[in-house]
Amino acid sequence: MTREHLKYHLKSIMSFKTRLPYQEIWLYNFIFQRKGPVLTNPICLVGGELKSEKLIKIFQDDLNNPPFEMGENNLFISYYTPNELHCHLSLEWSLPKNIIDLFPEYRCLTNGLVDAKQSSLSDALTWFNLSPIDETLKSTVESLLSRGEPWSQSDKQLFLDYGQAVLVAQFQLLEKMEDWIIGQLATVLQRSRYMVAVTKMENYGVPIDTERYNILKDKWNDIRETLVLELKESFSPYDKSAFKIKRFEKYLESQDIPWSKTNTGRLNLTQETFAQMGEIYPQIKPYGRLKKSLSKLNKLELPVGSDGRSRCNLRPFMTTTGRNAPSSNKFIFNLPKWLRHLIKPRQGHGLAYLDWSYQEVGVAAALSQDSNLKRDYLSG
């Protein structure tokens, strides 16, 4: 992107920079390597400042100091800000005081209209009928990042070219979302502040008792098989810890239990089906509970770093209700509760498990301004 290209894109969002009370408004992005589920190795930085029309392109060796101030007077805009913020933390930079993350705004605009999994930058461009990022360039850069160093001068130029392509995409999205953002700026900033909080949580991780964790990993298959053996029934649909559909079909026939099937004619083995059938046929309940437990215990794959902390992408705003949606087997709080004994603070530290009381009721009271609901909530 040249200065002329930057000016071209700035024209389309001219009112944006005049309607917001910030000295500098930066759109920016990092190209980076993954060092784990969330930790990063920044390769280069590309950014554009709306008011001065300044364009920066900085490679790895020159990223020792931030090229901009991150105080109260400046605003930073990107798409899925945790990627950029993890780079800040890797470089030991402070985090910006004010950000606008275009990702949660895209989720708000499309929630219920598109699958939450279709929330990448490319998906957002497609939704707004904008020009996509060159797929050949994108795939080449991904291959270079997977391969790792050393990088030639032409490789470095490809990184910068890709960063510029992402910057153009951010300008285009900002133009499409400008009225939405300005119209509810306080809420937009609040959602973006949450993205900062998510980044800090991801970066900090959960301290794990690695000694116990490694013992459990070694004995995992034995644990699964023991759970099956503890189901003290005359019949078991399991061979060791493997569920045998044919065996379960014969059992249903012997008990004269009708069972729903999928469109392909196979037994419907969802957890919901087991729960429903267990209410009608109590003898089904133990098998439903065991199948649910084993499905959560398929593998023990907590991503634990060399520092003994487990980190994963918390995937904020990825549900229709706006909640986080971390991986079911990579986030310790999504695993069975008995595994939480693996959480262990380091020497001299403690842990507190805190949760809101009736949070949904409190939110409903605030949004509805229902005086009776407010009074009930505040009464405790």
Problem - Residue match in the range 62-75 (condition: in contact (Cβ under 8 Å) with a residue 40 or more places away in the chain and closer than 21 Å to residue 148 by Cβ) - result: no
Fill in the blank from the handout: Note on the range 312-338: residues more than 13 Å from residue 207 (Cβ to Cβ), among the aliphatic types (A, V, I, L, M) and either open to solvent by 40 Å² or more (accessible area, probe 1.4 Å) or in contact (Cβ under 8 Å) with a residue 40 or more places away in the chain (or both) are 314, 318, 325
Handout entry: Residues that are part of a loop (DSSP other than H, G, I, E, B) and within 15 Å of residue 39 (Cα to Cα), drawn from the range 194-220
Key = 205
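Whether any residue in the range 91-114 is more than 24 Å from the chain's Cα centre (by Cα) and open to solvent by 80 Å² or more (accessible area, probe 1.4 Å) is what I want to check.
To start, the set of residues in the range 91-114 that are more than 24 Å from the chain's Cα centre (by Cα) comprises none.
There is no residue in the range 91-114 that is more than 24 Å from the chain's Cα centre (by Cα) and open to solvent by 80 Å² or more (accessible area, probe 1.4 Å).
Per-residue answers, yes or no, for (1) under 30 Å from residue 341 (Cβ atoms); (2) at pLDDT 95 or above:
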| position | (1), (2) |
| --- | --- |
| 179 | no, no |
| 193 | no, yes |
| 196 | no, yes |
| 199 | yes, yes |
Practice task
Give me the pairs, please: first residue somewhere in the range 269-281 and buried (at least 16 other Cβ atoms within 10 Å of the Cβ), second residue anywhere and part of a helix (DSSP H, G or I), beta-carbon distance under 6 Å, and either six or more positions apart or on two chains.
Solution key: 274/288; 277/284; 278/284; 278/285; 278/288
Practice task
Identify, by number, the condition in (1) aromatic (Phe, Trp, Tyr); (2) over 14 Å from residue 80 (Cβ atoms); (3) at pLDDT 95 or above; (4) part of a helix (DSSP H, G or I) that residue 171 doesn't meet.
Solution key: (3)
Practice task
Tell me which of these residue 120 doesn't satisfy, since it passes every other one: (1) farther than 20 Å from residue 194 by Cβ; (2) surrounded by fewer than 16 Cβ atoms within 10 Å (Cβ to Cβ).
Solution key: (1)
Practice task
Could you tell me whether residue 346 is basic (Lys, Arg), out of contact with any Cys (no Cβ under 9 Å at 6 or more places or on another chain) and under 30 Å from residue 212 (Cα atoms)?
Solution key: yes
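Which residue out of 160, 144 is touching a Lys or Arg at 6+ places or on another chain (Cβ under 6 Å) and closer than 22 Å to residue 86 by Cα?
Details: 144 fails: touching a Lys or Arg at 6+ places or on another chain (Cβ under 6 Å).
Checking each option against the conditions leaves just 160.
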Practice task
Quickly run through the range 354-375 and pick out the residues that are part of a helix (DSSP H, G or I) and open to solvent by less than 100 Å² (accessible area, probe 1.4 Å).
Solution key: 359, 361, 362, 363, 364, 365, 366, 368, 371, 372, 373, 374
Practice task
Taking the residues in the range 294-311 that are open to solvent by less than 50 Å² (accessible area, probe 1.4 Å) and not hydrophobic (A, V, I, L, M, F, W, C) as candidates, determine which candidate is nearest to the chain's Cα centre (by Cα).
Solution key: 311
Completion exercise
Residue hits (the range 127-157; open to solvent by less than 90 Å² (accessible area, probe 1.4 Å) and hydrophobic (A, V, I, L, M, F, W, C)) are 128, 130, 133, 137, 141, 144, 145, 151
Exercise for the section: Scan (1) within 18 Å of residue 17 (Cα to Cα); (2) in contact with a Ser or Thr (Cβ under 8 Å, 6 or more places away or on another chain); (3) of a type outside the set (A, V, I, L, M, F, W, C) for the single condition residue 73 breaks and write down its number. Expected result: (2)
Practice task
Looking only at the range 158-209, count how many residues are open to solvent by 40 Å² or more (accessible area, probe 1.4 Å) and among the polar types (S, T, N, Q).
Solution key: 4
Exercise for the section: Output the number of residues of the range 37-76 satisfying the condition of being open to solvent by 30 Å² or more (accessible area, probe 1.4 Å) and touching a Gly at 6+ places or on another chain (Cβ under 6 Å). Expected result: 1
Problem - Criterion: of a type in the set (Asp, Glu) and under 30 Å from residue 351 (Cβ atoms) - qualifying residue of 301, 249 - result: 301
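The values are calculated or read from the model by the stated rules, or taken from the named source; none is laboratory data. Everything numeric in this text was worked out from a predicted model, so none of it was measured. Quick reminder, even Gly has a Cβ in these numbers, built from the backbone with ideal geometry, and neighbours come from all protein chains shown. We work out accessible area using only protein heavy atoms, side chains counted, and drop any ligands, DNA or RNA first. Shrake-Rupley method; radii C 1.70, N 1.55, O 1.52, S 1.80 Å.
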